[in-house]
Structures are given as C-alpha cells and as structure tokens.
1. Considering segment A:150-184 alone, what residues qualify as being closer than 30 Å to A:Leu221 by Cβ and without any contact (Cβ under 8 Å) to a residue 60 or more places away in the chain?
2. Count, please, the residues in segment B:203-233 that happen to be in a helix (DSSP H, G or I), within 11 Å of another protein chain (Cβ to nearest Cβ) and of a type outside the set (Ser, Thr, Tyr).
3. Against the conditions (1) within 11 Å of another protein chain (Cβ to nearest Cβ); (2) modelled with pLDDT under 90, where does B:Leu11 fall short? Just the number, please.
4. Quick one: in segment B:92-104, which of the residues that are at the interface with chain A (Cβ under 7 Å from one of its Cβ atoms) and under 21 Å from the mean Cα position of the chain (by Cα) is farthest from A:Phe26 (Cα to Cα)?
5. Only one residue in A:Arg117, A:Arg78 is under 20 Å from A:Trp262 (Cα atoms), out of contact with any Ser or Thr (no Cβ under 7 Å at 6 or more places or on another chain) and open to solvent by 60 Å² or more (accessible area, probe 1.4 Å), so which one is that?
6. Name, by its number, the condition in (1) open to solvent by 40 Å² or more (accessible area, probe 1.4 Å); (2) more than 28 Å from A:Ala192 (Cβ to Cβ); (3) at the interface with chain B (Cβ under 8 Å from one of its Cβ atoms); (4) in a helix (DSSP H, G or I) that does not hold for A:Ile144.
7. Residues being in contact (Cβ under 8 Å) with a residue 12 or more places away in the chain and hydrophobic (A, V, I, L, M, F, W, C): count how many of those fall in segment A:102-142.
Amino acid sequence: MNRDAPQRLFARLVRLPPFLWLAAFFLLPVVITLKISLSEPATAIPPYLPLLDWQGGLEGWSTFLEALNLDNYLTLARDPLYRDALFGSLAYAGGATALLAALGVPLAYALARAPARRQPFLVALIVVPFWTSFLIRVYAWIAILKQEGLLNLVLLKLGLIARPLAILNTDAAVMIGLVYAYLPFMVLPVYAVMNRLDPALREAAADLGAGPTRVFWSVTLPLALPGIVAGAGLCFIPMVGEFIIPDLLGGSETLMLGRVLWSEFFSNRDWPLASAVAVLILLIVLGPVVLLRDGLRGEGERP
Amino acid sequence: MTPVTRAALVLGLAFLYAPILVLVAYSFNASSLVTVWGGFSTRWYGVLFADEPLIAATWVSFRVAVLSSLIATVLGTLAALALERHGRFRGRFLFTGLVYGPMVMPEVMIGLSLLLMFIGIGFDRGLATLVVAHATFCTGFVAVVVAARLRGLDPTLEEAAADLGAGPLRVLLTVTLPLLAPAVVAGALLAFALSLDDLVIASFVSGPGSTTLPMRLYSRVRLGVNPEINAASTLLIALVGVAVLAASWLTARRGGTG
C-alpha cells in the first residue's frame, strides 16, 4: 500500500482519540491503584498516605518512594480472612469452570450436531439470556432456591423430600449461580470449534470400528480442546473477581475476593487494602488472560 | 439428531430459560408471596410506575447508556480501524492492550481504579464519571464487533477509491463507514446494553445524585424477592430482547458476521 505522508498523518489521527482516552481512563487508574496498594491507610481525605508532593521536586519523590511498602500484601498473606477469600475465589471459579466444561461441552456438541439450518436459531437462543441483565438473572434464582421457593415446593409436592432444603445462601447456590450465568461463555467457543470440525474425521473413526462414544472421546473431544480452553478462560477470568453472585446467593461465610474488596472499600474504608486485593485479583487472572489471548490469536489467524 | 443430543439441547435451554420465565410469570402474580399464585394481575406494574426513585434511576441509567455508548462507538470504531486498516505502528502492542484490556479486567478493579483516580484529581462523582467509566469499558466490545466486520470487508474497495483520488477521510466516510454501518450499530447496541446492565463499576463511580437502575434494583433485591422488582425485570428483559433481535436482524440482513 502507498504510505505517503497524509496517509500516515491520518492513521495517527485515527488512533489518537482511543489511545488518549484509554491511557487516561484505563492505564492511569490502574497505575494509581498499584501505587495506593503500596500506601498506608490514614484518617484523612483521601484516606491513605503518602501523597506525592509535586512541588517537592526530587526530594519529594524520594520521601514518597521511601514511604511505599508491601504491608498490605503482607496482611493479605497473613490474615486468614484474605487467605480464605483467595482460596474461596480460586475454588469457586475453578470448580464452576470444571462444572461448566462438564455441562457446556455436551450442550455444544448437541448444538453442533443439530440440523444445520436450525443452528443459527439455536445459537441465538443460547445467547439471548446472556444479554438480559446479569443482576436480574442472578436474582431470579432467589425465588427458586429459597426455603419456601419454587424448587422446594416442587420437590415437596413430588414427595422427594420430607422438609424444605436450605439451598439459598450456601455454596451450592453460588455454584448454581456461577454455572447459570456463565454457561453461554463455555458453550459458544466450544460450539465454534466443533462446528468447524471436518465430519470426515468422525466418519473415518466410525469406519475403523469406533462406536459413537469412542468417536466422541478420542476424536471430537481432543479436537475441540482449543475451544474448551478458550471457554474455560472466558468463564474463569470474570468469576475470580465476581461480586454479585456470592453476595446475592451466597451466605455470610461465602468468601470471594470481589466481595472482600467491596466490603474493605465500602464498609471499612481501607482503600490501600482494597487496592491490594484488586491487584491480587489482577495477578490471578493475568496467566489465564495470556493463555486466552494466544488461543484467540491462533483462531483469528485462520484465513 | 439422536435422542441423546436432542435431550441435551432441551435440558440446556430449559435450564437457561426456566428462571427467567418464573421471574416473568410472578411479575403478573396478584399475591406478593412467590409460592402462592393469587391470580393474574398487573398490580405490580402499577406499583412500579408510581415508584419515583426507581423511575429517576431509570432515567439516569438511560442517559448514561446513551452518552457512554455514543462515545464508546466512536472510540471503538476508530480503534478497530487503527488495528485492522492501519497495520503496523509503534506502540501497537500497548494500543492493543489498552483497547482489549478493559474487557478482561475484573469489574471491581475497573471501578475501584477509576474512583481512586477521580478522587485523586478532585473530580466530583456524578453522571459524568459514570459516562466516562462506561465508555471506557465498552470501547473494547465495540472494537471487537467492528474489527470482525472489517476483517470480512474487501480492502480492494477502499484501495480503488484511493486510486481514484479520494483522500483518506473521504475513503473512510464514503466507502468504509457505510460498509461498516451494521457492525457499528450492533456495537453501539451492545455498548448500550452493557452500560444499562452494569452494577459493579457504577457502584464505585456514581455520586450522591446519580444512582443507576441496577444500583437501585440491587439495593432492593438484597432484601429478598419483591414482585415489583419482577415487574421491572420483565420490562428490562423485554427491552433488551427487542434490542438484541434488532441487532441480530441488522447484522444478518447485510450478511454480516455478527
């Protein structure tokens, strides 16, 4: 392509507005959060120390840098509350991701094997609930799971249980909420990969004597692995910092990092500690994000 | 389709839709108890329309969604053009990270970090901070939708226009953007829906007079099931449903990749 001067200037003008906006409202705030996570809480406005003294010149900078410390991170490592929240986040997100794979892969497979002309409609049916309010979809489960809720009512009527089960405000409710809210994130990437698989591969395996189950386990599933990895990343990443689901469906002992950050910030007003929790969440999701990016890049480069 | 795959599909879809249907059904329940069907009634919609704080919050959410989706659409479209059409440039790695980063960044981190910055620079929280925050996290989503469509566009059309003497701005306005229109609209609707839905980021960056609808709903649902909230939810579901159908119709009609 001809890259003359006006063209280059134009290209620069095109990327300047998004660059400036995101540098100011995404990059800078993250840097500020990193800095505050290394500060001490104080009873002042804003409630943390040290503040950078811009007029102090080089000396101002050096006293500022000396005052930064890792105390908040040490608190996170030592205090059992934060350790439990960290393990809780990892356990809920990891467990729900495994459960999502177990449920989402068969669903994606069923979708890919449906008649081709009906597939766009079926995919739309999976996507539409995902666009309706997240908060409302989580709230909808309260009426179903609570003590005098619909699920208990049905189970009692059917005579399957003698007295109502306590599901709401337990780990089970949080898991149900996570699986429900993130199911499309697992189904769609797996479906996208399965849909592209050459049917000849399955037929070849069948011709060589493999039964349908064997074909699924040793042909379809291994080939769909990139989709499963992408789906797992798309589910795991937001679930680690999840707040709404543990807060509405979990009990008071349901500890997850997003919820701890929320209460540190809004109830305890310990901004530096809340910032340290935010940075911790960021560090946890960094690995999966890189993995996901590489996976998606591989996808995108297909002609 | 085998009976097994059919059963998997039916069960999967039932799981996805049952809670929503229960919610919608109980919004028409005359009784205020969730397990008692007191007959069909629209009384909760009456209660809803008389609920001043909720209506005020809806108005806040609507204004924020309109403004932030407009900004996100412009920024996201420009970002997609930069990434797909203007090839290599210095800082491309950083630029890509800035555009797509907010999509994978935990919501609590986006909310908290923006709030810390707004307070750091002494910017009062209110409608403006909500708009800025929502535009920031929606830009990447618009960019994804527009970039997907750009990859599918034949670049020879733009090259032909340039060869015929059209400057870069003219090519963008008369060739690229008209071809991109369905994706831009789909991206805008997506940004609108995301803004309307956000609770976590808004809770951090909103000010005293700018409570959004999800924040108001959240403060009510924390107290338990509430038929008035079911009615509000039903209206929201209907609204988003219509928007999604419009978006998919727009992209499908033009043979887009939506």
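1. Once the filter is applied, which keeps residues that are closer than 30 Å to A:Leu221 by Cβ and without any contact (Cβ under 8 Å) to a residue 60 or more places away in the chain, segment A:150-184 yields A:Ala172, A:Tyr180, A:Pro184.
2. Within segment B:203-233, residues that are in a helix (DSSP H, G or I), within 11 Å of another protein chain (Cβ to nearest Cβ) and of a type outside the set (Ser, Thr, Tyr) number 13.
3. All conditions are met except number (2).
4. If we filter segment B:92-104 for residues that are at the interface with chain A (Cβ under 7 Å from one of its Cβ atoms), which is where we start, we get B:95, B:98-99, B:101-102, B:104.
Filter once more, keeping what is under 21 Å from the mean Cα position of the chain (by Cα): B:98-99, B:101-102, B:104.
Values: B:Leu98: 7, B:Val99: 9, B:Gly101: 8, B:Pro102: 7, B:Val104: 12 Å.
Per the stated criteria, the residue is B:Val104.
5. Numbers: A:Arg117 fails: under 20 Å from A:Trp262 (Cα atoms).
Being under 20 Å from A:Trp262 (Cα atoms), out of contact with any Ser or Thr (no Cβ under 7 Å at 6 or more places or on another chain) and open to solvent by 60 Å² or more (accessible area, probe 1.4 Å) holds for just one of A:Arg117, A:Arg78, which is A:Arg78.
6. All conditions are met except number (1).
7. Our first condition is that a residue be in contact (Cβ under 8 Å) with a residue 12 or more places away in the chain; within segment A:102-142, this holds for A:103-105, A:107-109, A:111-112, A:119, A:123, A:126-127, A:129-130, A:134-135, A:137-139, A:141-142.
Remaining after also requiring hydrophobic (A, V, I, L, M, F, W, C): A:103, A:105, A:107-108, A:111-112, A:123, A:126-127, A:130, A:134-135, A:138, A:141-142.
Matching residues across segment A:102-142 total 15.
Yes/no per residue for (1) within 14 Å of chain A (Cβ to nearest Cβ); (2) over 30 Å from B:Cys138 (Cβ atoms):
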| site | (1), (2) |
| --- | --- |
| B:Trp44 | yes, yes |
| B:Val47 | no, yes |
| B:Ala57 | yes, no |
| B:Leu70 | yes, no |
| B:Leu81 | yes, no |
| B:Arg85 | yes, no |
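The values are calculated or read from the model by the stated rules, or taken from the named source; none is laboratory data. Keep in mind it's a predicted model, so treat the numbers as computed, not measured. No Cβ is skipped: glycine too gets one built from the backbone with ideal geometry, and neighbour counts run over all protein chains shown. Only protein heavy atoms, including side chains, enter the accessible area calculation; ligands, DNA and RNA are left aside. Shrake-Rupley method; radii C 1.70, N 1.55, O 1.52, S 1.80 Å.
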